[in-house]
Each structure stands twice: as C-alpha cells, then as structure tokens.
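Working notes for the structure below.
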Amino acid sequence: MVWPIVNFLLFLAATGYGIHLFVQAVYRRYTYLKLGQPADFRLRGERRAAAFLSEVFGHRKLLNDRRSGLMHFVLFYGFVVLQFGALDLIVKGITGGKGLPIPGYDVFGFLQETTVFLVLVATGYAAYRRYVEKLPRLNRGFKPGIVLVLICALMLSVLLSLAFERIWFGYEGSLAAPLSSALAAAFGGVSGGAAAAAFYVCWWLHLLILLAFLVYVPQSKHFHIIAAPINVLFRRRDPPGRLSKLDLESDTAESFGAGRIEDFTRKQLLDLYACVECGRCTNACPASGTGKALSPMHLIVKLRDHLLEKGAAVTSKSPWVPAFASATVGAHAVAADDRGVRWKAEDTGGITDIRPTLDWQQAAWRRQTETSPTELELIGGVITEDEIWSCTTCRNCEEQCPVGNEHVDKIVDMRRHLVLMRGSLPHEAKRAVQNIERQGNPWGISRNDRSKWTEELAGVRVPTVRDNPDFEYLFFVGSMGSYDPRSRKVTRAFIRLLNEGGVNYAILGNEERNSGDTPRRLGDEFLFQRLCAENIATFRKYGVRKIVTACPHTYNTLKNEYPDFGLEGVQVIHHTELLGRLVRSGRLTPRHEVRARVTYHDSCYLGRHNGVYDPPRDILRAIPGVELVEMERSRGNAMCCGAGGGMMWMEEIGKRVNLARTEQALVVAPAVIASACPYCLTMMEDGVKLVEADERVEAADVAEILARSVFGDVQ
C-alpha cells in the first residue's frame, strides 16, 4: 500500500514543478512582450471568428502545401485526441490500473492506438522532409529534431505502457487494441509482477516526457502552439496594403519608426513568438529567391532572439528555465565583418534559389560574447540595411505565413527610422524622393509637363476638371502614366476606351500631385503626408466622388491610406475594374480578334494587397482570339515583378527579380505577357529584353490588348 501513496506524491511533485516551470517561462516572455508599444488588439480583432476557425482549426493556409499541411493536420488533431488518452493513462498509473469510466471503452482504445500510429507516421514524414529530402526552407540541426524525438518517445511510451498493462492484468489480444496487443505478444514471457514494474517505468517515462515537452515548448519555436492561435485571432483584417499612420506632430514622440526592439508594437512582437520557422515566407520571397540578403523567416527569428536577450537584460529575468538551461553570456548579432558589406550572392541554381541567402543568414548570425544586448543596434547589429532595402513590399511572405505574421510593416518601420531619424536612404532612392519633393515625379521632369501627354492624342479631347466640372470619374493618371513614355501608351489606350464607352470623366492636369506611394514605402512619411494633404485638398476643391487609376500602387494608396488622413466618401477603382464593367454592360464591345497566347502577371498591389484578381482576367477572356494561360505562380502566390517598395528606383544585388519573373512567364510559352500596372509593364518589358525574347514575346497592359480588340488596331 505504500507504493500508490509514494507514486501519487511523486506525481504531484513532478507535475507541479513542470507546470511551475512552464508558467514561469511563459510569463517571462510575456514581460518581454510588454516592452513594446501598446497595440489596440480589439480593433485588430474585428470580424475575426471565421478566419480564426478556418486558419487554426481548418488549416487553410497550411494546406496550401498539401503534404506538409496534411502532416501538420495529423499532428495537430492527433495531440487533441491523445490528450484524453494521456488523461486515461495518468489515472491508470495513480489508481493502479483503473482507467476512466468511458462508455464504449474499446472504441476509445482503438481510436487512441490508431491516432498514435498516425502521429508516428506523420513524425517520420516530418523527419524525412527535413533530414532526407532536405527542403532548403527548413532548418536542420539538432534543435528542430528535439521535438520529433520527444513526440516519438511520447508515442512509444504510450504503446509500451498499454502493452505491459495487458500483460499485468492478463488481457487477451484484441482487434480493438492492435498495437498494444502485438507488443504484449512480443513480451509474452514477462511475468505479471515484472509487467507491473515495466508499466510504471513506461508510465513515468510518459509523464516526464510530457512535462519536458510542456517546459520545452515555450522556450523554443514551438511556442507557436500557444502564440500562433492568439496571433491569428488578432491579425489585421483591414486591407493588408495599408500602412500605419505616424503622428508627426506628436509632442511626446522621441523618435519615429523602429530603431529599437521596444519601438515595435506588442502585436508586432507577438509575431516573433508565433513564428514556426517553416520557411514558407522565405521560399516565396522575391528577394530571397534572387540572392538578396533578406529572408523574411530570419528577419523574424533574429528579432525574436534579440527580444529575448534584451528582454532578459532589461528585466533581469532569464528566458531559460530551469536556471541551468540559461544560455551563455553575450548576444546574437550580425558578424561585424558582414554588417557593412553588401551581400553578393552566387548565381542561383534555377529561376529562383533561396539557398545562397539562407547560407549567408546562417553564417552571419552568431552569438558574440563581448556584445551587450542593451547596446546592440537594431539596425546594423540585428538587421542590416541591405536586408531592409531589399524588400519589395509584395507581402507574399504574409500571404504564405500560416500563423498570421506581418513582415512588411516591421521593415517599413525600420525604413522610417532610417529616413526620418538618420537621414539614411540609398543614393538612387534618395534622388527619386528629392525629385518627387521638388517636381512631383521621380525623374525630376517639370511639374508643368504632367499633362503634356494629352498632346499625343491627336483629335481626342481630354477634359480637365475645369473643362468638365460635372464629371463622374476623376482619372488620376499618376506619375508613370503622365511621364513614362511606355506607360503613356497605356494612358492613351485607356482614354480612347473611356471615350468609346461614354464615360463622363476628367483629369486634374497639372494640378495632380504624386500619390506619395513611393516616398511612403521608402520610409519618408513626412513627404507622403504632405502630398496626401495636397491631393485631398484638390479632391475636395472639385467635389471628387469617384476616382479611377491605372496604377495599383496609386489605387492602394488612395483607397486604403488616404482615408486615414481625411479622404471620405470617395470610391476608388482600378482601370481594369471599370473596363470590366463597360465590357459586361455592352458599352465596350471587343469585336476584333487578337490571336495570341496570353499569360497574365498579377500585380502585388492589385492582387495580394486588394484582392483584385478576376477583372483583368475577365477582360482578357472576353477578347476573341485570346488564349489565356496561367503561370505556375499566379494570383495569391504570384511572384513580384521587383519594382514595389521603391525598388523601381534602386539598383539590385544578385539576380534581377524581373528576370526571374519573366523566366517564369516564358515557361508557359506566351506571345503576350499581360499586366495591369505600369511598374509591372516596365519590369516585364525589360525582362523580355534581358532574355532576348522581345522579338517573339510582347509585354502589354490589359487596356492596350482590349483597345486592339475594340478598335481593330495596335495604337
């Protein structure tokens, strides 16, 4: 009778200590989270229930990769099911073999053993993908393997406990317990007393592994088990293309942007805990795939390492529990010899290849014993400027992330700090911003030439808001459509279609200003807000109620960001949306055949940022003779052209993104690469020239292709 009491007391002590360590580890990480700026979680959580259920319990994003998604699905629900089995097993160990009074216990037992088998298979497949198949996006080494070993050991301890239980009590083999029955048969020569002892050995192994898992989870990437559902619950539900507003007139602000880890909001810091290090973000990133320094996964991981080390230094509470698990002194930092060196990747092995970027990230991020985490610079010491300026803000990283992480806002916040507090901006980008500030366009061409393109439309009248004060649509031409020679052809085609469709429109002419998208993405919030205020004042002056634009960057800025600064009651649409309506209503008739195999390239700012995927495709399908074919990477997973985030005006390191995207398009053998963005059009046209395919493949805007069908010419 002594053993049951001793066993129970030991159980309470071990379980209590394990729970204590778990709570301590979670609480300390919570205190580090509180170092960040306050975030309004209530606003971020509106309309969240359906998305939360589909992403957490439905594995919607995880199943984008069918194989790994199914593997995770089995592990996730396997552990949910096995919690009841674990409780049953714990009760058996405490009571001397009496399980839970569950009706239909044989069915319950069969479900448990089946689940154990499926979890073991899923764990084996996870190990295969990481260590045999060696997917580049997955980290290898002993740390990722720890949890796989723990899971396997946990499952085996369950089966062995059940097998020795059968021998102990003399249960016969049963189809309701196939695995434990087979193991019991294998140990058939063991006596009842020895089986009882073996049962308790396995029972304690199961309990200790379970508690070790409990303590290990919050101190590893597997903290996502706790943090990810919370992160998904409170992820942003407003348009992803909207950047946060900076209060530049604040009397209390000591700095702008993120120059320290504490400058990020608590929601941004929660992202760091939620990361599962699956590498899907990096695998989709155009910068990572073309040999730039930026890897979205490593961006999050490095920020998390820095948060833990600085949080420990500030709070004097180690993130590692128990105490003997504490890491060595110092802090992780980008190696000094890599901080000021521009990353130069080797040639990629294929259209895209993330391995050179991953190799650099792994080599450059090291623990340095002489470095203090409180003195380490966020920009330069943790995240290099090359990483910050490599981002195209395409947000494919966020589209692929299964736990709701938001990478781009963190990068833009660091850009804001560089520009507003340090005056640091790459030379080419600085020139573009200065030109916008002085002349209202990135080339520095006279602001009085903004409407000069109208002279190229012989015999076609283009009314201004002064000429036609009763206009329905304001056509916001944008800098590309006004100044860039190639984009002006799109502007002319769109004007002809507007006139043919009987649309009541007008332009601002030389009163139009740059939308401010480029300065804002480059971190110059001050210039953006000035341009924004000037444009809104002009819109109010002429009573603008509807705006149409052919530039997705302008579209996103006017639609999603101007309302934060006072633009109210104005509908903003993209030119493909308006043209699609005109075609559907019969006001535009694509009657002439355009015999061409066409593939459509999705603009990031039209597609991922605003969910506009079908209108451009619907127009192309309506054109007789067009054969529309999709690239492997299209719609939500379409690769960026390389021009977003101000990259249009900067030099690239490594392989050019537009070259990689053009190569992806050429795989489907198109005659025309269609787009609906002046930046994309420029990059695709340059890409076609780079691969010397311009004699057989053309880059064209959807409006141009439609104009050919409507008018029967190629103007």
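The values are calculated or read from the model by the stated rules, or taken from the named source; none is laboratory data. Worth saying up front: this structure is predicted, and the values here are computed from it rather than measured. With ideal geometry, Cβ positions are generated from the backbone for all residues, glycine too; neighbour counts draw on all protein chains shown. Heads up: the accessible areas ignore ligands, DNA and RNA and are worked out on the full protein's heavy atoms, side chains in. Shrake-Rupley method; radii C 1.70, N 1.55, O 1.52, S 1.80 Å.
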Which net charge results when you count Lys and Arg as +1 and Asp and Glu as -1 among the other residues whose beta-carbon is under 12 Å from that of V56?
+3
Relative contact order of the chain, defined on C-alpha pairs under 8 angstrom at six or more residues apart (%)
12 percent
Result for the chain: accessible area per residue, probe 1.4 angstrom, in square angstrom, of 42 Å²
Span-rule helices in the chain, defined as complete DSSP H runs reaching 30 Å or more along the axis (Cα) with Kyte mean at least 0.5:
2-33, 66-95, 105-127, 142-169, 192-216
Evaluate the charge dipole of the range 554-675 about its Cα centre and quote only its size in Debye, nearest 20, assuming +1 on the Cβ of each Lys and Arg and -1 on the Cβ of each Asp and Glu.
440 debye
Dipole magnitude of the chain about its Cα centre (Cβ charges: Lys, Arg +1; Asp, Glu -1), debye to nearest 20:
740 debye
Quick calc: nm separation of the 7 Å Cα→Cβ label points for F142 and S585 -> 7.0 nm
Of all GluC sites (Glu not before Pro) in the range 557-604, which ones are in loop regions per DSSP and have a Cβ with at most 12 other Cβ atoms within 10 Å?
E568
In Hz, Karplus ³J(HN,Hα) per residue of the range 381-392 (6.51, -1.76, 1.60; θ = phi - 60°; x = Gly, Pro)
x, 9, 10, 7, 5, 4, 5, 4, 8, 8, 6, 9
Ranking request for peptides 28-39, 99-110, 264-275: highest mean number of other beta-carbon atoms within 10 Å first, then the rest in descending order.
264-275, 28-39, 99-110
For the range 611-688 the mean separation of alpha carbon contacts under 8 Å (6+ apart) over residue count, i.e. relative contact order in percent, is 32 percent
Gain in span if fully extended, E593 to D247, counting 0.36 nm per residue against the direct Cα distance:
119.2 nm
Listed candidates (i) 26.3, 88; (ii) 30.1, 105; (iii) 27.0, 83 - label of the one calculated as Rg and Dmax of the Cα atoms in Å:
(ii)
Output the pairs from K221/K317; K430/K689; K245/K410; K134/K267 with a Cα-Cα distance over 21 Å in this structure; if there are none, say none.
K430/K689; K134/K267
Note on the range 653-696: contact order normalised by length, alpha-carbon pairs under 8 Å, 6 or more apart, percent, works out to 49 percent
Could you give the length gained by full extension between D470 and S424, i.e. 0.36 nm per residue of separation minus their alpha carbon distance, to one decimal place?
12.0 nm
Listed residues L527, L10 arranged by accessible area, highest first, probe 1.4 Å
L10, L527
Along the charge dipole of the chain, pointing to its positive end and built from +1/-1 on Cβ of Lys, Arg, Asp and Glu, which listed residue (T114, A227, Y605) has its Cα farthest out?
T114
Please name whichever of N510, F528, F539 sits farthest to the positive end of the charge dipole of the chain, dipole taken about the Cα centre and charges placed at Cβ: Lys and Arg +1, Asp and Glu -1.
F539
Could you tell me which of rounded, prolate or oblate describes the range 360-476, using a ≥ b ≥ c as the square roots of the eigenvalues of the alpha-carbon gyration tensor, with rounded for a/c under 1.5 and, failing that, prolate when a/b is larger than b/c and oblate otherwise?
prolate
With +1 at each Lys and Arg Cβ and -1 at each Asp and Glu Cβ, the charge dipole magnitude of the range 142-293 around its Cα centre, to the nearest 20 debye, comes out at 360 debye
Between Q24 and F565, how high is the FRET efficiency from 1/(1 + (r/R0)^6) when r is the Cβ-Cβ distance and R₀ = 56 Å? Nearest 0.05.
0.80
Potential extension, I102-F11 segment - 0.36 nm per residue separation minus Cα distance
30.5 nm
